[in-house]
Structures are given as structure tokens and as C-alpha cells.
Amino acid sequence: MAGYVFSLNDFKALEEAIINGVYSTIMNIPSNQIWGIPQEGTFADYITMKEGDNVYFFHDRKIYGIGRLVNIQGDCKFLNFPNSDLPSDYTFSTLKKRMILNNDEQSLKHRMVCLFRGDPYFFKTGVDMDEVLSSNPEKFKMLRAFWKLSFIKIDDEENKALKDVILKNNEDNLQDNKNIFPQSVNTHDRIKTLVNNDYEVNSDNILFAASGKGTRIKHEMAIEAGILDYISNNKVDVFGNWDYLSHQVVASPFKPIDYMDKMDIFGYRYIPGFNTISKYLTIEIKKDVAHFDDINQVMKYVDWINQEYSFGDYNMIEAYLVAYDFSEEVIKLKEEVAKRNFVKGSRPVQSLEWSNLKLVKYSFHPELRKLEFSLVD
């Protein structure tokens, strides 16, 4: 399972979140009432949350865990109040009774929430980040790049490594059932009676706000949210079925964070019935017409996945370049350069060619508030 590490500056806020089993990112409402890229990225992060993913908190160099996302009324994530994913100002007094988090007017800045409980517990003994990273250096990729973000998503292997180091540091606490944060079911019970379809988390309003009411989306981050939503709900169409999905995933050797390359969307799926990874996914997104350099960019990510994840087996990689349109020249270039020759196996050795890059056009349907996709032949 995947994991989420939430960063909180205030330890009291950390305690309150754990006790109530609810986390929400503070989002300032833009003065122009148009979501910016950071807010769209936060919505995209929530979209991929699913029951069973682990939960951790980061505060003052230490990581506290362990929790697990849980479904209430069919999901582990909700809008804090109906239409809270629109970049609009609201009046607290008129919404208070319909809000999940409704302490005061500042609660209007909480636009989405996720729900969790201890798994088995949240330990009061946190583990220093340096100790975490040095405990299993090869497994930690995203955690090393945790910078200027409210939270990050980590994949199954990184999640297991983080869980292991926290459990080892709390083995005595686990056995003696001590140094554990208390938890209350009151907020979860209230949510059961409050939420309905109006609280559903999807990309519809995010896309609409970034569309200008046309068929083209203004921000690539909004398209990321839309594609993640689309893949999560269309298991066999265009992009296929993926067990793990994330976005803005590190795809370069470690260097200053602001200069690191990141894949727009990354994922993988398992062989059905087993915890063995079958395929890896990378998607590069362009909001306008694709250019020559975009082909080279997605191929750079293909090579990175081959180096860091599939270890020489290019056939484990599926790649997509999504854009509003493609010129004939770009389509021709794809046929020429989007190939890799590689060797697999031994006795006998197989000489193989990879050419699994697909070009996909997107279009936004304003009335449905949905993205539509078509493969370019």
C-alpha cells in the first residue's frame, strides 16, 4: 500500500488531527478567485487517496505514525463542504452546519479532508528524519525531496521502509501499549450522518475553473488532476488500470529540489492476485500543442524508469504524451525516436525493441465538466 506524509508546523494541530482522525490542508483563497497551480496540485493529491493507504505526520524534523486511511460512507476523502473545490468566498455562518471541519471562520480554508485511524497506533515517539533516511537509503526517493509541500505521497516500497523504522523505534511501546496518541470516534460518527454526493471528491470543478469555459485547459496541473480522476474511474479505457498512481514524482538524480525533474504522472500495476509489479506508467502532459522537445522529455522519463524501477526491462514501461493537439511532424518524430533496443534474459539472450509510447489528445467538455481523450494513430 502507499503512504502519505503530512507536514504540520503546530504540534497541537498534529494532536488534534490524530485524535479526530481527520486531516485537511489549509488553502488560501486566491483574490482573483482562480485556483493556482499549488492548489490544483493539492486537489490532485487527494484524488488518488484510497482506503488502506498509510498516514504519517511530520513535525519539527520528526515523523509520527502509523495510521491508515479509512472509508466512511464509501470513501476516505471528502469536500469539507459542498462546492468547496470552487475558488469562491463563502460565509461561515451559512455553511457551518454543513461543514465537516467547522471550528471557526478559518475552517473555510479547509477545502478537502481525508479520514484515518491508527494502524495499529500513532506513537508519541517520533523518529528523526535523518534516522529515517539512513535506515534504508535505497528505498527513500520522494521523502528526500519533501520540501515546500504540505504533504507527499510515497509508493509501496518507500511506505514499507518508513513503517519499518517507526515500528522498530516503538517496539516497546507497541508491546506495552504505551506512549500512544488517543483517538476519538466522534468526528467520524458525525461525518457518517453528514456527507452525501455533494461532498464527493472529483476533478470536475477544478477543470471547469481552469478552462475558461472552452475545450482547452489553462494549467497542466489541472489536467493532471483530471487524468488521475479519469484513470481512477475508467479502469479499461485509454490509459488502462493502475494500482498505484501519483504525480510530480522525482525523476532525476538528487540535486536542489527546485531543479529536479518530475514526472507529471507515475504509476504501476501488479500482476493480478500477486504483489509483483507488472508494468510502470509515465504520462507527460502539455496543455497546448505538443512540440518536438516533448517527445524527448517523455523518453527521458522512460529511461529513468528503466534505470530506477524496471532495471533494464523496457517492456515493463507504458508511456503516454497527452496534449491538446499534435502536428504531423511530432507524430512522425515519435515513430522515429520513441524506440529503445535492449537485451533481456540469458541462455538464450533476447534482443528486443521497445516502442510503447502513445500519443493522446485531450479535450474538455464544459457541460459535463469532464476530460475526453482520443488516441492518435
Checklist entry - If you take the residues in segment 340-364 that are more than 24 Å from the chain's Cα centre (by Cα) and more than 23 Å from residue 302 (Cβ to Cβ), which one is surrounded by the fewest Cβ atoms within 10 Å (Cβ to Cβ)? => result 347
Next on the checklist: Regarding segment 77-99, can at least one residue be identified that is in the same structural domain as residue 145 (by TED's automatic domain parsing), within 25 Å of residue 269 (Cα to Cα) and either in contact (Cβ under 8 Å) with a residue 40 or more places away in the chain or surrounded by 21 or more Cβ atoms within 10 Å (Cβ to Cβ) (or both)?
Outcome noted: yes
Next on the checklist: Name the single residue that is nearest to residue 338 (Cα to Cα) among those in segment 255-290 being at pLDDT below 95 and touching a helix residue (DSSP H, G or I) at 6+ places or on another chain (Cβ under 7 Å).
Outcome noted: 260
Item to check | Subset of segment 338-355 [under 18 Å from residue 306 (Cα atoms), out of contact with any strand residue (DSSP E or B) (no Cβ under 7 Å at 6 or more places or on another chain) and either in a strand (DSSP E or B) or modelled with pLDDT under 95 (or both)] | outcome: 345
Checklist entry - For residues in segment 223-241 being more than 18 Å from residue 359 (Cβ to Cβ) and within 13 Å of the chain's Cα centre (by Cα), which is surrounded by the most Cβ atoms within 10 Å (Cβ to Cβ)? => result 225
Next on the checklist: Testing residue 87 on (1) within 25 Å of residue 47 (Cα to Cα); (2) more than 24 Å from the chain's Cα centre (by Cα), one condition comes back false. Which one is that?
Outcome noted: (2)
Item to check | Residue tally, condition assigned to a loop (DSSP other than H, G, I, E, B) and either crowded, with 22+ Cβ neighbours inside 10 Å or of a type in the set (S, T, N, Q) (or both), over segment 62-75 | outcome: 2
Checklist entry - Name the residues in segment 160-191 that are of a type in the set (A, V, I, L, M, F, W, C), part of a loop (DSSP other than H, G, I, E, B) and in contact with a helix residue (DSSP H, G or I) (Cβ under 8 Å, 6 or more places away or on another chain), would you? => result 181
Checklist outcome for this item: Exception for residue 34 within (1) β-branched (Val, Ile, Thr); (2) at pLDDT below 95; (3) closer than 17 Å to residue 124 by Cβ falls at (3)
Checklist entry - Looking at segment 295-339, which of the residues that are within 28 Å of the chain's Cα centre (by Cα), of a type in the set (Asp, Glu) and closer than 20 Å to residue 238 by Cα is surrounded by the fewest Cβ atoms within 10 Å (Cβ to Cβ)? => result 325
Next on the checklist: Given the criterion without any contact (Cβ under 8 Å) to a residue 60 or more places away in the chain, outside the structural domain of residue 149 (by TED's automatic domain parsing) and part of a strand (DSSP E or B), identify the matching residue among 246, 278.
Outcome noted: 278
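Going through segment 211-227 one residue at a time, which ones are of a type in the set (Lys, Arg) and within 18 Å of residue 360 (Cβ to Cβ)?
216
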Item to check | residue 44 assigned by TED's automatic domain parsing to the domain that holds residue 153, assigned to a helix (DSSP H, G or I), modelled with pLDDT of 95 or more and in contact with a helix residue (DSSP H, G or I) (Cβ under 7 Å, 6 or more places away or on another chain) | outcome: yes
Checklist entry - Restricting attention to segment 169-183, does a residue exist that is closer than 30 Å to residue 258 by Cα and buried (at least 18 other Cβ atoms within 10 Å of the Cβ)? => result no
Checklist entry - Among the residues of segment 308-317, is there at least one that is part of a helix (DSSP H, G or I), within 27 Å of residue 207 (Cβ to Cβ), in contact with a Lys or Arg (Cβ under 9 Å, 6 or more places away or on another chain) and at pLDDT 95 or above? => result no
Checklist entry - When residues of segment 196-226 are filtered for being part of a loop (DSSP other than H, G, I, E, B) and not β-branched (Val, Ile, Thr), how many remain? => result 12
Checklist outcome for this item: Residue set 303, 294, 258; condition within 23 Å of residue 157 (Cβ to Cβ), without any contact (Cβ under 8 Å) to a residue 40 or more places away in the chain and part of a helix (DSSP H, G or I); output residue 303
Checklist entry - Do you know which residues across segment 285-294 are under 16 Å from residue 335 (Cα atoms), surrounded by fewer than 21 Cβ atoms within 10 Å (Cβ to Cβ) and not acidic (Asp, Glu)? => result 291, 292
Item to check | Residue among 192, 153, 141, 213 that alone is over 17 Å from the mean Cα position of the chain (by Cα), at negative phi and not hydroxyl-bearing (Ser, Thr, Tyr) | outcome: 192
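The values are calculated or read from the model by the stated rules, or taken from the named source; none is laboratory data. Nothing here was measured: the structure is a model prediction, and the numbers come from that model. All Cβ positions, glycine included, derive from the backbone under ideal geometry; neighbour counts span all protein chains shown.
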